[in-house]
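Each remark here refers to the structure printed beneath this line.
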């Protein structure tokens, strides 16, 4: 897809000029930030914010935006899990994990502490997000259990990361004329921030 991937401002500008790509952009970003190795390098939160903002200006409905993010996240985590199931401990000898062994080590400790629910919790913990599904696969987590948690957690994750940008885009498009849009922006930002804060606080205790 010919759009700038690494810069949120450039992506937002490109999508405003090419609105037909908004759904694909959201799905691809959600997928990329969920895939081990790729997700470590991709500034997913910023890119999703930019893409969802453009969607909110009228180029893509909120349900369609949520659906694109949900699909990308589920497939991305699924790919990471299957890589872990196929390659197991050999993953640790592959680049870049052989030069950054702490990436997997930290995720293994997290998985050992929280068990299967780390797949859900890990979606909201930036540093380990793209590695937890890989570790779950390496640990031979029951496949149906993984995909059930993967799907259910993505249903929560998508609104948290898409709704604030989408509502803000709608607010800017209408010049903040509608009070319900202003309220939606504040509620979405507060809910998203509160949920992420609570999850990260719980994982530190």
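The values are calculated or read from the model by the stated rules, or taken from the named source; none is laboratory data. Since we're looking at a predicted model, the values are computed, not measured. Ideal geometry is used to build each Cβ from the backbone, glycine not excepted, and the neighbour counts take in all protein chains shown.
When residue 111 is evaluated against the numbered criteria (1) out of contact with any helix residue (DSSP H, G or I) (no Cβ under 6 Å at 6 or more places or on another chain); (2) in a helix (DSSP H, G or I); (3) at pLDDT 90 or above; (4) over 19 Å from residue 31 (Cα atoms), which criterion, by number, is the only one it fails?
(1)
Starting from residues that are touching a residue at least 40 places away in the same chain (Cβ under 8 Å) and surrounded by fewer than 15 Cβ atoms within 10 Å (Cβ to Cβ), keep the ones in region 87-115 and report whichever is farthest from residue 136 (Cα to Cα).
Out of the qualifying residues, it is 96.
Buried (at least 22 other Cβ atoms within 10 Å of the Cβ) and closer than 16 Å to residue 39 by Cβ, is that true of residue 157?
Here the answer is yes, as residue 157 does meet what is asked.
Before we move on, is residue 65 closer than 14 Å to residue 135 by Cα and either buried (at least 20 other Cβ atoms within 10 Å of the Cβ) or in contact (Cβ under 8 Å) with a residue 60 or more places away in the chain (or both)?
Considered against the rule, which asks whether it is closer than 14 Å to residue 135 by Cα and either buried (at least 20 other Cβ atoms within 10 Å of the Cβ) or in contact (Cβ under 8 Å) with a residue 60 or more places away in the chain (or both), residue 65 comes out as no.
Residues in region 38-46: is at least one under 18 Å from residue 172 (Cβ atoms) and either modelled with pLDDT under 95 or touching a strand residue (DSSP E or B) at 6+ places or on another chain (Cβ under 9 Å) (or both)?
Yes: region 38-46 contains one or more residues that are under 18 Å from residue 172 (Cβ atoms) and either modelled with pLDDT under 95 or touching a strand residue (DSSP E or B) at 6+ places or on another chain (Cβ under 9 Å) (or both).
Scanning for something modelled with pLDDT of 90 or more, under 15 Å from the mean Cα position of the chain (by Cα) and at negative phi, does region 3-20 turn up at least one residue?
no
Using the structure shown, decide if residue 203 is modelled with pLDDT of 85 or more, part of a helix (DSSP H, G or I) and within 19 Å of residue 121 (Cβ to Cβ).
When the stated conditions are applied, residue 203 does not pass them.
Among the residues in region 88-108, are any in a helix (DSSP H, G or I) and under 16 Å from the mean Cα position of the chain (by Cα)?
There is no residue in region 88-108 that is in a helix (DSSP H, G or I) and under 16 Å from the mean Cα position of the chain (by Cα).
Can you tell me which residue in region 24-60 is surrounded by the fewest Cβ atoms within 10 Å (Cβ to Cβ), limited to those that are touching a helix residue (DSSP H, G or I) at 6+ places or on another chain (Cβ under 8 Å) and in a loop (DSSP other than H, G, I, E, B)?
43
Could we say that residue 84 is surrounded by 15 or more Cβ atoms within 10 Å (Cβ to Cβ), out of contact with any strand residue (DSSP E or B) (no Cβ under 6 Å at 6 or more places or on another chain) and over 30 Å from residue 17 (Cα atoms) here?
Considered against the rule, which asks whether it is surrounded by 15 or more Cβ atoms within 10 Å (Cβ to Cβ), out of contact with any strand residue (DSSP E or B) (no Cβ under 6 Å at 6 or more places or on another chain) and over 30 Å from residue 17 (Cα atoms), residue 84 comes out as yes.
Taking only pairs six or more apart or across chains, which ones have beta-carbon atoms under 9 Å, a first residue in region 1-17 that is under 15 Å from residue 32 (Cβ atoms), and a second residue that is modelled with pLDDT of 50 or more and in a loop (DSSP other than H, G, I, E, B)?
3/18; 5/42; 6/42; 6/43; 7/43; 8/43; 11/5
Just to be sure I understand, how many residues within region 165-185 are within 26 Å of residue 75 (Cβ to Cβ) and at pLDDT below 85?
Number satisfying all stated conditions: 1.
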